[in-house]
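The values are calculated or read from the model by the stated rules, or taken from the named source; none is laboratory data. No experiment lies behind these values; they were computed from the predicted model shown. Cβ: placed from backbone, ideal geometry, glycine included. Neighbour counts: every protein chain shown. The accessibility values were calculated without ligands, DNA or RNA, using every heavy atom of the protein model including side chains. Shrake-Rupley method; radii C 1.70, N 1.55, O 1.52, S 1.80 Å.
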Amino acid sequence: PRLRIAASIFPLKEFAAAVAGERAEVDMLLPPGAGVHTWQPTAGDILKISRADLVVCAGAGLEPWLDDIFKGIGAGGPDVLVAAPDLPLLEASGGEGHGHEGHGRADPHFWLDFEIDQGIIERIVEALARLDPEGGPAYRNNGNAYKARLRELDRKFKEGLKSCRGRTVVVAGHAAFGYLARKYDLRQVALYGLSPDSQPTPRRTIEVTELARKMGVRTIFFENSVPPDLARTVAGEIGARTIGLHAGHNLSRAEMMKAMTFFDIME
């Protein structure tokens, strides 16, 4: 019988499915369009997790609901691969680009660093080979092929971003793009911190608008999962345009119907 894998968020589901190929069935816990911080699992989801051979999750506080599930399942549950430990995580300081909440917390949006993703692929290969030694060579081959695609994606980002006139990315949303900024020498300025459920203060909105004006910013970005009203407000003040940026943690229903992949979104 095929292995059963449950993954918390879209990138991890994609990575697990790419490595597993035909040898496993991979489910994503987060339904289309749901926010990862606020979603609450149903009894059916808890059952799905308890029946899985492997659960792949991000950690670093991204899925606050996971601990309760594992407590509920108790001993003898599935193997669990938490991606965050041992990764070079960014700290969400109370400083620039973040609200004062989350002081000293790690930034969990690490799948936006394609080098980090290659390390996660390695760990999925190892976890699956432990559960299914016979499939080891297939997992290794699939993992290598996927890592080569991630390296190519990284190269495209480097090329595409190396000659930008401005290097400040103003996001009228939460600070989800810190890893992209770190990797490609950009500076992220966001209206509020790591939690997408917080609201920016009027003072912060004015600060960011003034900064954008002073730096001659021509585009205000908004997150795909958030209405663009805030971005339009800031852009209207400084005569800039608005463009959506995809943080990649989940797909909308429409994107799911189109069977969009992690590479489709990132490209």
* All positions within the range 1-15 that are under 17 Å from Trp111 (Cβ atoms) and either open to solvent by 10 Å² or more (accessible area, probe 1.4 Å) or in a loop (DSSP other than H, G, I, E, B) (or both) -> Ser8, Ile9, Lys13, Glu14
* Of all residues in the range 1-26, which are within 17 Å of His249 (Cβ to Cβ), in contact with a Lys or Arg (Cβ under 8 Å, 6 or more places away or on another chain) and in contact (Cβ under 8 Å) with a residue 24 or more places away in the chain? -> Ala6, Ala7
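Could you go through the range 254-265 and let me know if any residue there is touching a residue at least 12 places away in the same chain (Cβ under 8 Å), more than 22 Å from Pro32 (Cβ to Cβ) and part of a loop (DSSP other than H, G, I, E, B). Quick ask: steps written out before the conclusion?
Step one: of the range 254-265, the residues touching a residue at least 12 places away in the same chain (Cβ under 8 Å) are 255-256, 261-263, 265.
Still in the list and also more than 22 Å from Pro32 (Cβ to Cβ): none.
Within the range 254-265, none of the residues are touching a residue at least 12 places away in the same chain (Cβ under 8 Å), more than 22 Å from Pro32 (Cβ to Cβ) and part of a loop (DSSP other than H, G, I, E, B).
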* In the range 176-214, which residues are more than 16 Å from Glu91 (Cα to Cα) and part of a loop (DSSP other than H, G, I, E, B)? -> Tyr184, Asp185, Leu186, Pro196, Asp197, Ser198, Gln199, Pro200, Thr201
* Structure fact -> Selection from the range 140-176 of residues within 28 Å of Ile220 (Cα to Cα), crowded, with 20+ Cβ neighbours inside 10 Å and at pLDDT 95 or above yields Leu150
* How many residues does the range 210-231 hold that are out of contact with any Ser or Thr (no Cβ under 6 Å at 6 or more places or on another chain), of a type outside the set (A, V, I, L, M, F, W, C) and closer than 24 Å to His109 by Cβ? -> 6
* **Unique match (being touching a residue at least 24 places away in the same chain (Cβ under 8 Å), open to solvent by less than 30 Å² (accessible area, probe 1.4 Å) and assigned to a loop (DSSP other than H, G, I, E, B)) among Val217, Val226** => Val217
